[in-house]
Amino acid sequence: MKPRVRFAPSPTGPLHIGGVRTALYNYLFAKQNGGTMILRIEDTDQTRFVEGAEEYIIEAFQWLGVKFDEGVGIGGNYGPYKQSERKPMYKQYADQLIANGWAYYAFDTPEALEQKRKEYEAEKKNFQYDWRTRESMTNSLTLSAEEVAQRLANGDAYVIRFKHTPDTEILVNDIIRGEVRINSNILDDKVLYKSDGMPTYHLANIVDDHLMEITHVIRGEEWLPSAPLHVMLYKAFGWEAPRFAHLPLLLKPDGNGKLSKRDGDRLGFPVFPLQWKDPKSGEISSGYRESGYLPEAVINMLALLGWNPGNDQEVMSMDELIQLFSLEKISKAGAKFDLEKAKWFNHHYLQAYPNEKLAESLKLTLQGKGLDADMDKIIRVVALIKERLYFINDLWSQSYYFFERPTEYNEQVIKKRWKEGTAEHLMHIAEILTSTVPFDKTAAHDKVMDYIRGNELNMGQIMNSFRLTLVGDAKGPDLFEIIDILGVEETVIRLKNGIDAISKCAN
RNA sequence: GCUGCAUUCGUCUAGUGGUCCAGGACAUCAGAUUCUCAGUCUGAGGAUCGAGGGUUCGAAUCCCUCAUGCAGUACCA
């Protein structure tokens with residue numbers, strides 16, 4: 001049987017990178033087995049709806065190259081794929097559970113529950129709506145049938161709760177963790193159906209997974225504690241449960257604990273695939289895309305955070321990941337996010353990225369700064385500095401000196417490299433280069449080397465200061481490559497400008 | 001508190017009773033590439049496998065106890 005898996009986010013904001021990984025694992029598993037990947041939006045909590053979140057999710061996966069076969073924005077034979085649009089279908093399932101004794105009406109108001117909790121807290125106890133306490137609450141187990149009917153007829157607010165059977169051992173068979181056993185006595189009677197007429201996650205999740213014929217539920221470890229409830233729900237409905245796989249958490253790089261939005265801000269890396277602007281507060285959270293990451297790198301890095309192919313291979317394309325992936329090889333413990341490795345992956349993938357594309361990106365940056373250059377030159381520049389890139393956004397910081405003259409010169413470099421006589425030597429070199437016809441990098445190289453040798457100088461004495469006048473700093477690729485792109489005229493102008501400016505401030 | 005899950009180099013991890021006094025990658029350090037920086041290449045250091053007990057001829061690998069961490073404990077997902 002071909003697997004059917006789903007990624008089911010709730011549209012409460014941008015998609016957390018942990019969620020991205022969950023989706024990725026679902027996708028890899030589905031594709032490997034020729035199965036179906038479904039996007040379902042779990043928006044049963046209407047109070048937490050955030051404008052734009054759904055669109056964000058879809059766009060993020062498009063960027064990452066995780067493709068859904070079915071679901072919101074795509075369609076399919078199991079729709080609708082948004083739970084709010086499925087609202088009318090849940091009630092009958094809740095009713096079914098009441099009818100067969102697996103659930104009951106509860107009329108306790110939120111205030112009454114809050115009160116109860118306070119009472120318990122005063123005695124340092126924890127209130128839980130369960131088999132011990134439900135007898136003392138206001139529900140269809142304690143009220144007479146007439147009164148329940150009366151309240152229902154009156155339109156009194158109620159919820160429907162699951163009724164756990166005490167003293168039962170519930171077995172959750174998890175692909176990653178093996179058999180997890182839980183005694184039903186510690187479980188609470190979770191609300192399945194809310195007073196606003198919407199199901200809770202627990203009910204909607206089971207009903208939808210069943211109706212959509214989901215075969216494997218691959219989700220975050222934070223769901224493990226409610227897995228027994230879900231197993232019981234399948235049992236109560238008389239449905240076959242899907243297989244479960246609970247993924248380890250993504251942890252913050254320093255210390256312990258779940259990776260959160262704040263950690264990203266604090267440590268300087270994105271926690272979201274795309275940039276997100278909160279529609280209410282206007283607050284902006286950075287995204288991998290906007291930070292100059294390549295989707296291939298994000299995917300590769302994320303895939304390895306909690307999984308590996310069992311050998312030493314670490315660089316893998318999406319296709320390779322699909323081939324090699326296996327749920328059994330997912331690790332059990334949480335993984336700390338490693339920024340350095342993420343950077344390395346991005347650098348690695350950037351090297352295989354087409355120069356033309358990088359050039360287009362750089363061109364945009366140039367235009368934004370009011371600079372212009374023809375595409376041929378930009379491509380040449382890109383080819384020269386590519387190996388120094390860690391992010392697409394490094395393009396400018398690694399190449400600006402090809403497009404604008406230095407306006408300042410690194411003082412430490414001046415101190416170290418600008419000696420007596422430097423200015424004179426560079427003046428001579430400027431003259432020599434001007435009279436070099438035809439001019440190209442080989443000719444330039446030969447002339448400069450002749451000068452150095454002819455004056456019994458060593459390379460460093462000339463080249464470093466020369467570089468300083470062209471770049472403004474002690475960095476960059478081979479100097480003659482730079483000169484070649486700049487051209488004689490520009491080179492000579494920069495030489496003279498540099499000599500003037502530096503001589504002035506040196507004195 | 002209760003319940004559950006987890007625990008191998010700084011980090012991600014390999015490892016499923018002997019070939020492991022533990023392998024790889026990122027990071028770190030050193031050397032090379034001598035105009036600089038970056039990159040690249042080569043090499044090095046780095047884990048008494050959370051602790052303590054067992055089982056076994058033999059344990060990172062199996063069992064038990066403890067410790068620590070994390071997650072969950074809502075009419076949120």
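The values are calculated or read from the model by the stated rules, or taken from the named source; none is laboratory data. Model, not experiment: these values are computed from the prediction. Note that each Cβ is placed from the backbone with ideal geometry, even for glycine, and that neighbours are counted across all protein chains shown. Keep in mind that these areas ignore ligands, DNA and RNA; they rest on the heavy atoms of the full protein, side chains included. Shrake-Rupley method; radii C 1.70, N 1.55, O 1.52, S 1.80 Å.
Laid out as a table, the results:
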{"read-out": "Residue tally, condition more than 8 Å from RNA strand B (Cβ to nearest atom) and of a type in the set (Asp, Glu), over segment A:182-194", "value": "1"}
{"read-out": "Lone qualifier among A:242, A:253, A:273 - being closer than 17 Å to residue A:18 by Cβ and crowded, with 20+ Cβ neighbours inside 10 Å", "value": "A:273"}
{"read-out": "Residue A:160 buried (at least 19 other Cβ atoms within 10 Å of the Cβ) and either in contact with a Lys or Arg (Cβ under 6 Å, 6 or more places away or on another chain) or part of a strand (DSSP E or B) (or both)", "value": "yes"}
{"read-out": "Options A:59, A:85: the member that is away from RNA strand B (no atom under 16 Å from the Cβ) and acidic (Asp, Glu)", "value": "A:59"}
{"read-out": "Tally, over segment A:2-35, of residues that are at negative phi and open to solvent by 30 Å² or more (accessible area, probe 1.4 Å)", "value": "8"}
{"read-out": "Criterion: loosely packed, with under 15 Cβ neighbours inside 10 Å, more than 11 Å from RNA strand B (Cβ to nearest atom) and in a helix (DSSP H, G or I) - qualifying residue of A:420, A:424", "value": "A:424"}
{"read-out": "Residue in segment A:195-230 that is farthest from RNA strand B (Cβ to nearest atom), counting only those that are open to solvent by 30 Å² or more (accessible area, probe 1.4 Å) and touching a residue at least 60 places away in the same chain (Cβ under 8 Å)", "value": "A:213"}
{"read-out": "Hits in segment A:185-232 (condition: in contact with a Gly (Cβ under 9 Å, 6 or more places away or on another chain) and part of a helix (DSSP H, G or I))", "value": "A:221"}
{"read-out": "Odd one out for residue A:437, checked against (1) part of a loop (DSSP other than H, G, I, E, B); (2) crowded, with 16+ Cβ neighbours inside 10 Å", "value": "(2)"}
{"read-out": "Hits in segment A:455-479 (condition: closer than 17 Å to residue A:402 by Cα, more than 6 Å from RNA strand B (Cβ to nearest atom) and open to solvent by 10 Å² or more (accessible area, probe 1.4 Å))", "value": "A:473"}
{"read-out": "Those residues of segment A:340-359 which are surrounded by 14 or more Cβ atoms within 10 Å (Cβ to Cβ) and more than 6 Å from RNA strand B (Cβ to nearest atom), in sequence order", "value": "A:342, A:343, A:345, A:346, A:347, A:348, A:349, A:350, A:353, A:355, A:358, A:359"}
{"read-out": "Those residues of segment A:231-252 which are within 15 Å of the chain's Cα centre (by Cα) and near RNA strand B (Cβ under 7 Å from one of its atoms), in sequence order", "value": "A:249, A:251"}
{"read-out": "Residue within segment A:488-503 that is out of contact with any Ser or Thr (no Cβ under 9 Å at 6 or more places or on another chain) and not in a helix (DSSP H, G or I) present", "value": "no"}
{"read-out": "Search result, residues across segment A:399-417 that are open to solvent by 50 Å² or more (accessible area, probe 1.4 Å) and within 30 Å of residue A:288 (Cβ to Cβ)", "value": "A:400, A:404"}
